[in-house]
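Data first, discussion second: the structure below is written as structure tokens.
Please treat every number below as a calculation from the coordinates, not as lab data. Predicted model, so just to flag it, every value in this text is computed and none were measured. Here Cβ is always computed from backbone atoms with ideal geometry, including for glycine, and neighbour counts include all displayed protein chains.
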Amino acid sequence: MLLALCAPAGARAASAVSVSLDALHPGPAVPREFLGLSFEAGALPQISRYARGGDLVTMLRSLGPGIIRFGGITADENAGWTDPQTPQPPWSTVAITPADIRAVAVLAHRSGWRVLLTVGLAHYEPQAAAREVAAASRALGHSLAAVEIGNEPDAYGKHGLRELPWLAQGFTEQSTTYREAIAALTPGVPIAGPDVSGSGIFTDWGNAEALTQSPAMLTGHHYPLGCAQTPAPSIEQLLSPATRALESRSLANYTRVGLADGIPVRVDEANSVSCGGVAGISNTFASALWATGYITQVMASGAAGINLQGNPANCLGYTPVCAPTPDALAAGRLRAQPDWYSLLLTSSLIGCRPLPSTVASGASPNVLIAPFACPGHALRVVLVDDQPPGSPLLTVRLAVGGSRRVAGVLRLTGPSQTATAGVLLGGRAVSARGSWRPAAGGRVIVRSGIAAVKLPASSAALVSVPRA
């Protein structure tokens, strides 16, 4: 469904590539709530206050419907539920209360987004988790998309949270107890899982979840680069053809399990470099190029959605939105980071269906091409050129059909791959209040059924061809 092209080692960069689209064999439509954000559970009290002030509601609305997840390591290690029946646990540094959950429900109502909530499993407290889910269900109703039991439970053993060997069977036994406690207080709450740390473990853990838990959704995480890896993570590696190829195989691992069992799969936590990201990579325009490509890869895979992980208090790491100062954080005055522009660009693909495509002639280094058939017989094609600045200008020749006359081009640009500011989509930045609208869009005349789009290195574009 998607082309990630690379030239042989030592080959000269090509200046043109021709692509034909197979409109007769589209894939499944991109779901309505495909896009999402993921925050630490420990940030839930802070995020909940943005329901009545700040920029987050405006920003969420600009993407259309989506799912906001609260999870991450703090769901297990820092954030503890407390209510009149449940004292705050001594291990927690952040208390989540019924008032916080009610505020999240207001955020969901005002934004049109739903909530994926993670309850802690590392500290084995099924009754407290059941009371938290009951409060969430009362407050959120249908806006509670699902509940996850534990965050990255496959890693509990190596983090000292369970005795080794710690396998999927042990998780199944303990999560079953949680499910029973939750069902006793709130029957019918949808459960998602196993929320594993990556696709490599998903065959065992995802199959076990599907067979024993009847989940509403299968979930797992993705970070292409590791914070402690050797050699150290770099922009060159993040945007390499090898990384794109590995990501395609990773997504195949995820969707294979879901398709076998007829259960939707969501990459519910993803971003550029693990452990919160790396400054100079995760907060740069390079991360927007990576995210644009990866989001379209997830769409083309048939997965149900993706949540980009973020931390509103850390503008130096990975995050679609952040507050540059403590005062701004308290008030909810959020800034759109480079990742946010990737969500904006891909939001117009909701409801579209990925198309198979082939290179008719030429070859191109490190370019991703993702075509979609959209409602009303429109065509949209995402182009991402990951080549470094100074590489030759590329012409992508798209065979869009002889009766189409013009194509619109919405460009995603930045001053450089390392830029942390100056990112533009459609010639404009997101406003200080979180809204965005493009300037006058570019156009390409379709001649003899071919839309020839000029694509500078280190840029992306959304090509839109209306109904013939």
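Couplings for the stretch 108-114, taken from phi via the Karplus curve 6.51 cos²θ - 1.76 cosθ + 1.60 with θ = phi - 60°, read 4, 5, 6, 8, x, 9, 10 Hz in order; Gly and Pro are left as x. Helix 168-185 and the longest principal axis of the C-alpha atoms of the chain enclose an angle of approximately 70°.
Its residue count N fixes a reference of 2.2 N^0.38 Å for the stretch 375-432, and the Cα radius of gyration divided by that reference is 1.44.
Suppose we look only past 14 Å in the calculated P(r) of the stretch 9-85. What percent of the Cα-Cα pairs does that tail hold?
Numbers: 2252 of 2926 pairs.
That fraction is 77 percent.
Students often check this: by mean Cβ neighbours within 10 Å, which of 440-453, 110-123 ranks highest, and how do the rest follow? Before the final figure, lay out the partial values.
Values: 440-453: 14.7, 110-123: 22.6.
Order by mean packing, descending: 110-123, 440-453.
Peptides 368-378, 245-255 ranked from most to least packed, by the mean per-residue count of other Cβ atoms within 10 Å: 368-378, 245-255.
Determine, from the Cβ-Cβ distance of GLN127 and VAL106 and an R0 of 35 Å, the FRET efficiency 1/(1 + (r/R0)^6), rounded to the nearest 0.05.
Values: r = 27 Å, r/R0 = 0.77.
So the FRET efficiency works out to roughly 0.85.
Computed from Cα positions, the angle between helix 285-301 and the longest principal axis of the chain comes to roughly 80 degrees. Taking amide H as placed 1.01 Å from N in the peptide plane, HIS222 has its amide H under 5 Å from the amide H of GLU269, ALA270, ASN271, each at least 5 places away in sequence or on another chain.
Please give the length that would be gained between TRP91 and THR203 if that part of the chain were fully extended, namely 0.36 nm times their separation in residues minus their C-alpha to C-alpha distance (nm, one decimal).
Stretched fully, the TRP91-THR203 segment lengthens by 37.1 nm.
The length gained by stretching the chain between ALA440 and ARG32 to full extension, at 0.36 nm per residue less their Cα-Cα distance, is 144.2 nm. To the nearest ten degrees, helix 202-213 and the longest principal axis of the Cα atoms of the chain are 50 degrees apart. Binning all Cα-Cα separations of the chain at 10 Å, short to long from zero, yields these whole-percent fractions: 4, 21, 31, 25, 13, 5, 1, 0.
Fully extended, how many nm does the chain gain between ARG433 and ALA468 (0.36 nm per residue separation, minus their Cα-Cα distance)?
Gain in length upon complete extension: 8.9 nm.
So for each of 266-275, 78-87 I average, over its residues, the number of other beta carbons within 10 Å; can you give me the resulting order with the highest mean first?
Details: 266-275: 24.4, 78-87: 17.2.
Taking the mean over residues of other Cβ atoms within 10 Å, the ranking is 266-275, 78-87.
Distance from the alpha carbon centroid of the stretch 305-372 to that of the stretch 92-144 works out to 26 angstrom.
If you place +1 on the Cβ of every Lys and Arg, -1 on the Cβ of every Asp and Glu, and leave all else neutral, what size is the dipole of the stretch 35-349 about its Cα centre, to the nearest 20 Debye? Present the calculation step by step, with values, prior to reporting the outcome.
On the way: 18 positive and 24 negative charges, 183 e Å.
Dipole of the stretch 35-349, to the nearest 20 debye: 880 debye.
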